[in-house]
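The values are calculated or read from the model by the stated rules, or taken from the named source; none is laboratory data. Just so it is clear, the model here is predicted, and its values are computed rather than measured. Don't worry about glycine lacking a Cβ; one is built from the backbone with ideal geometry, like all the others, and counts go over all protein chains shown. Just the protein is used for accessible areas: all its heavy atoms, side chains included, with ligands, DNA and RNA removed. Shrake-Rupley method; radii C 1.70, N 1.55, O 1.52, S 1.80 Å.
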Amino acid sequence: PDTLWWSLESGGFYCVLIMSKGRIFPLHKMTTPCSEVNGAVVSKRLRCFIQKERQYNFSEVVHLVDSRTVLGMLNKTSRWFSHHMGTRVGEVQAASIKKGMGRLTEWGWIPGTHNVADIITRGARPGDLGPGSVWQTGPTLLYLPRDQWPVEKEINDSSPVEAEEKKLVNVMSA
């Protein structure tokens, strides 16, 4: 879900759901990394739509994923992946890499316990998504100062090679 977050003059914070999109993927036809990267693409597309239609100037955009795999993939060259994955990783990178910085600055990893986006993929009932729900108000971390958010911006180089990348590397080395 895409949420607006801002600090209040009183010193607190406020956030509100402005748009969301959920997709259900077939369990046996798509790998988990592929499904997670598709989620990042949907997030990027929603962000682009909101920015195009906005009436505000956003001071910052932050995408939070609960998959270290996705964050690691987004920080790698998309040519190392299969065509399907490389296209999606490249799409996110093209829209997210800050000019002159050469890295993704608006994407970060959070623990899955803070990921509100998974609510709709885990069989939530309509009542679970109504006014006052965590779906509408956002995770508790959004009500903390930004420096207290449990967000990792970069995955260290000792992280394991991802399944999609490993498959391609094995083919290339054969």
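Tell me which residues, restricted to the range 155-174, are at pLDDT 50 or above and either surrounded by 15 or more Cβ atoms within 10 Å (Cβ to Cβ) or under 18 Å from V16 (Cβ atoms) (or both).
Within the range 155-174, just I155 meets the criteria.
Of the numbered conditions (1) at pLDDT below 85; (2) surrounded by 18 or more Cβ atoms within 10 Å (Cβ to Cβ), R88 fails exactly one; give the number of that condition.
(1)
Report, by residue number, each residue of the range 39-52 that is more than 12 Å from M85 (Cβ to Cβ) and within 13 Å of the chain's Cα centre (by Cα).
G39, V42, S43, K44, R45, L46, R47
Looking at (1) under 22 Å from T140 (Cα atoms); (2) open to solvent by 50 Å² or more (accessible area, probe 1.4 Å); (3) under 15 Å from the mean Cα position of the chain (by Cα); (4) at pLDDT 80 or above, which one does E36 not meet, given that it meets all the others?
(1)
Quick check on my filter: what residues within the range 140-154 are touching a helix residue (DSSP H, G or I) at 6+ places or on another chain (Cβ under 9 Å), at pLDDT 85 or above and either assigned to a loop (DSSP other than H, G, I, E, B) or open to solvent by 50 Å² or more (accessible area, probe 1.4 Å) (or both)?
Matches in the range 140-154: T140, Y143, Q148, W149, P150, V151, E152.
Considering only residues that are among the small types (G, A, S), within 19 Å of C15 (Cα to Cα) and loosely packed, with under 10 Cβ neighbours inside 10 Å, which ones fall in the range 119-135?
Matches in the range 119-135: G132 only.
Do we find that C15 is modelled with pLDDT under 85 and more than 21 Å from R146 (Cα to Cα) in this structure?
no
Have a look at S67, S78 and point out the one that is farther than 17 Å from V151 by Cβ and of a type in the set (G, A, S).
The match here is S78.
Kindly check whether there is at least one residue in the range 68-78 that is surrounded by fewer than 14 Cβ atoms within 10 Å (Cβ to Cβ) and either modelled with pLDDT of 85 or more or part of a loop (DSSP other than H, G, I, E, B) (or both).
Within the range 68-78, one or more residues are surrounded by fewer than 14 Cβ atoms within 10 Å (Cβ to Cβ) and either modelled with pLDDT of 85 or more or part of a loop (DSSP other than H, G, I, E, B) (or both).
Please go through the range 1-22 and give me each residue that is among the charged types (D, E, K, R) and surrounded by 15 or more Cβ atoms within 10 Å (Cβ to Cβ), ordered by number.
Within the range 1-22, D2 is the sole residue that qualifies.
Would you say S59 is open to solvent by less than 50 Å² (accessible area, probe 1.4 Å) and either at positive phi or of a type outside the set (V, I, T) (or both)?
no
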